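The values are calculated or read from the model by the stated rules, or taken from the named source; none is laboratory data. All values reported here derive from a predicted model rather than from experimental measurement. Glycine also receives a Cβ, built like all others from the backbone with ideal geometry; neighbour counts cover every protein chain displayed. Note: areas computed on protein heavy atoms with side chains; ligands, DNA, RNA excluded. Shrake-Rupley method; radii C 1.70, N 1.55, O 1.52, S 1.80 Å.
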Amino acid sequence: MHHPLRLWLRLVPAYALGYFLSYGLRSVNAVIAPELMRELDITAAGLGLLTSAYFLAFGLFQLPLGLLLDRFGPRRVEAALLLVAAAGCTLFGLGTTLKTLALARALIGLGVSACLMASFKAFSQWFPAERLPSLTATIMVAGGLGALTASVPVAAALPLLGWRGVFFLCAGLLLLTAAYLLTVPDQGAGTQRESLQQQLRTLRAIFTDRMFWRFAPQGCLVAGGFMAIQGLWAMPWLMEVNGVARADAAGVLFLLALAMLAGFLFVATCAGGLARRGIAPMTLLSVGMGLALLTELAIILDLARPSWLWPLLGVSFSLGNIAYSQLSATFPLALAGRVNTALNLLVFVGAFGLQWGIGAAVDGFAGGMGRADAFRLTFALLLLVQGLAFAWFLLPVKRAYAVPGMA
């Protein structure tokens, strides 16, 4: 029997370090975007495709990842995949063509695809359900620190290391994290030994479950849209629409990441207490997403200073990850890996499509208007579809249990 504090200290730091690196690698291209565009001579659409290759590989692997997590456990799966991410970082640091860098970016996305979901699976095995929202938020704090590192610190390191050196450093850190993960405890509780056919049948049932489809559109368009913007287009927006100098734009991204970190800390420390006072995690999720959409509108209309609005956007979206624990709690424990990765698939497919699509739309609209107006129109269209997805999420759901054993 593991002491709760000792168990926390053994499990959480290892998985947190993996997600720290995952989130940092997701966001770093926003800072190095000017160097990539200048050195490779690529358009906004090309930059969007290059950067979003991370999301495509990450998203496409979510379904097999769920099967692997439920069958082999989170520790071994994440450690093995981090070796792939290290290879991707090395290739990115060596790459000289758009195709090579896109392939490297895809390998990085594949390699870090388990960092968040493996932690969710591990926590669901070792801790009671009422602790999962705070544990999830703790991992998200690590992600917030990764986003912080991928802003001002990376911008400050570029003159010393160059963008290639940054990726070589990340490759070494990924190898160390993989070795660290192999030292954490593992167990078979909540691990499936079904045949592949049985696993696929259950996966199909998840995708036909009404509760799953309450969360899915918001995950794809709202969460995926924020990831697309934070991971690439926030910096160009600040520089081209708001006319902010690059160093100041990096500072705004730092404040955004700091605000996200504060939001994650709030959920980690206060979610349980608020629930006991009648403020359910689902209420926090709904309030956070609604505030995020209002903040996006204020950014488009330029209603306040960027240094105020972008951090507000970050703290609002920090509540969005409550969706994973709330959705997985409605399914059996043994399906936690597949439920979370099914939702994550749609989030990252949305992030891929929107990150690439924003660049293509800006290039297309800029032919008939200035680039600043092209950015505004593109973001306004994104906000429209996000608003529809949020309205769908708010509709009540009458559950029809598609997964066996849930009635």
At 1.4 Å probe size, with the rest of the protein present, what percent of the exposed accessible area of the range 229-325 is carbon and sulfur atoms? 70 percent
Any idea how far the Cα center of the range 23-92 sits from the one of the range 315-353, in Å? 18 Å
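Could you do me a favour and compute the accessible area per residue for the chain, 1.4 Å probe, result in Å²?
39 Å²
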Note down, for the range 51-185, the three equivalent ellipsoid semi-axes (square root of 5 times each alpha carbon gyration tensor eigenvalue), biggest first, whole angstrom. 27, 18, 13
For the chain, with a Gaussian network of springs between Cα atoms less than 10 Å apart, report the residue from Leu175, Leu65, Leu232 with the top mean-square fluctuation. Leu175
Give me the percent of Cα-Cα pairs in the chain that sit more than 38 Å apart, rounded to a whole number. 15 percent
Run the dipole for the range 145-288 about the Cα centre, Lys and Arg Cβ at +1, Asp and Glu Cβ at -1, nothing else charged, and hand back the magnitude in debye, nearest 20. 400 debye
Taking Cα atoms only, helix 281-301 is inclined relative to the longest principal axis of the chain by an angle, in degrees rounded to 10, of 10 degrees
Which residue, Leu169, Leu49, Leu313, has the most motion in a Gaussian network model of the chain that connects Cα atoms within less than 10 Å? Leu169
How big is the range 21-130 in terms of Cα radius of gyration and Dmax, in angstroms? 15.5, 52
Any idea which of Cys220, Ile322, Ala250 is furthest toward the positive side of the dipole for the chain, if Lys and Arg beta-carbons carry +1 and Asp and Glu beta-carbons -1? Ile322
Ranked by accessible surface with a 1.4 Å probe, highest first, in what order do Asp373, Asp209 come? Asp373, Asp209
Set of the range 86-121 residues, backbone N closer than 19 Å to the point 7 Å along the Cα-Cβ line of Leu158: 92-98, 101-102, 105
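Suppose a student asked you for the relative contact order of the chain, using Cα pairs under 8 Å spaced at least 6 residues apart; what percent would you report?
For the chain, the relative contact order is 28 percent.
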Taking the dipole of the range 97-238 about the Cα centre (Lys, Arg +1; Asp, Glu -1; charges at Cβ), the one of Ala234, Leu174, Ala118 that reaches farthest to the positive side is Ala234
Please compute the length gained on full extension between Ala329 and Met239, using 0.36 nm multiplied by the number of residues separating them and subtracting their Cα-Cα distance. 28.2 nm
Based on Cβ point charges of +1 for Lys and Arg and -1 for Asp and Glu, what charge dipole magnitude is obtained for the chain about its Cα centre, in debye rounded to the nearest 20? 1080 debye
